[in-house]
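The values are calculated or read from the model by the stated rules, or taken from the named source; none is laboratory data. These numbers come from a predicted model, not from an experiment. With ideal geometry, Cβ positions are generated from the backbone for all residues, glycine too; neighbour counts draw on all protein chains shown.
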Amino acid sequence: GDSVTQMEGPVTLSEEAFLTINCTYTATGYPSLFWYVQYPGEGLQLLLKATKADDKGSNKGFEATYRKETTSFHLEKGSVQVSDSAVYFCALKSPGSSASKIIFGSGTRLSIRP
Amino acid sequence: NAGVTQTPKFQVLKTGQSMTLQCAQDMNHEYMSWYRQDPGMGLRLIHYSVGAGITDQGEVPNGYNVSRSTTEDFPLRLLSAAPSQTSVYFCASSRAGSSTGELFFGEGSRLTVL
């Protein structure tokens, strides 16, 4: 079945460091891909998305490119801030499935040191 | 803007007790889902609904019941709680036909079963 694999955390970086969180997926066809973020004590919220191959999603300085050839959707940010400390989830929605059935990775906890 | 509201936020149960986690959304979304979040396992889909009167099972449905009598409400029932159901539960909603498939999450309900 469809699945998402993301790098295990926790990831600890200093402020202004470069961030990469790896995400690969297994799915038939062309799924939609997402990154969700969960700040402490809150529910998840959509960070960015891409719906077709070679699309780049971006938001709040974060970027991710849909790579069909490597089945990847890695999250990057050039200069992280303390406020970026959160848990990040990679997710996919299979083509033809409802939005009720989004599949999530295990999450990567990111901590940023001042 | 209320969005997705979950109650209670915290609950402690004894093994064998029953309870209902409430979820309500005010965005007129057709789709609603329940996920559980466990360390190292990300979010796993319990049950979902594509509209009033229609529900279906997700990845981990055993031990849980749902119903969807109105568009707004999607309660999750634990009939006989077990320690394995200790988790954080998230309700989510989304709009049918949304090209993005974006989910809107509640703040979560932390359940401990002793």
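A few points about this structure:
- Subset of the range B:36-64 [within 11 Å of chain A (Cβ to nearest Cβ), loosely packed, with under 14 Cβ neighbours inside 10 Å and in a loop (DSSP other than H, G, I, E, B)]: B:P39, B:G40
- Any hit, the range A:12-33, residues being within 13 Å of chain B (Cβ to nearest Cβ), assigned to a loop (DSSP other than H, G, I, E, B), over 12 Å from the mean Cα position of the chain (by Cα) and acidic (D, E): no
- Qualifying residue in the range A:87-97 (condition: loosely packed, with under 15 Cβ neighbours inside 10 Å and farther than 24 Å from B:C23 by Cβ): yes
- Some residue of the range A:53-62 being surrounded by 17 or more Cβ atoms within 10 Å (Cβ to Cβ), assigned to a loop (DSSP other than H, G, I, E, B) and touching an Asp or Glu at 6+ places or on another chain (Cβ under 8 Å): no
- Remark: pairs (first residue in the range A:21-43, farther than 27 Å from A:Q81 by Cβ; second residue of a type in the set (V, I, T) and crowded, with 23+ Cβ neighbours inside 10 Å; Cβ separation under 9 Å; 6+ apart in sequence or on different chains) = A:Y25/A:V4; A:Y25/A:I103; A:T26/A:V4; A:A27/A:V4; A:A27/A:I103; A:P31/A:I103; A:S32/A:I102.
- Of all residues in the range A:85-114, those that are at pLDDT below 90 and of a type in the set (S, T, Y) total 4.
- Count of the range B:1-58 residues which are without any contact (Cβ under 8 Å) to a residue 12 or more places away in the chain and aliphatic (A, V, I, L, M): 1
- Filtered by the rule that a residue be more than 7 Å from chain A (Cβ to nearest Cβ), at pLDDT below 95 and assigned to a strand (DSSP E or B), the range B:94-109 gives a lone residue, B:F104.
- Filter result for B:R77 (in a loop (DSSP other than H, G, I, E, B), within 12 Å of the chain's Cα centre (by Cα) and either more than 8 Å from chain A (Cβ to nearest Cβ) or crowded, with 17+ Cβ neighbours inside 10 Å (or both)): no
- Whichever residue in the range A:52-82 is of a type in the set (G, A, S) and in contact (Cβ under 8 Å) with a residue 12 or more places away in the chain and, among such residues, is nearest to the other protein chains (Cβ to nearest Cβ): A:G57
- Odd one out for A:K49, checked against (1) surrounded by fewer than 17 Cβ atoms within 10 Å (Cβ to Cβ); (2) within 14 Å of chain B (Cβ to nearest Cβ): (1)
- Matching residues in the range B:6-35 - criterion: being within 13 Å of chain A (Cβ to nearest Cβ) and of a type in the set (D, E, K, R): B:K9, B:E30
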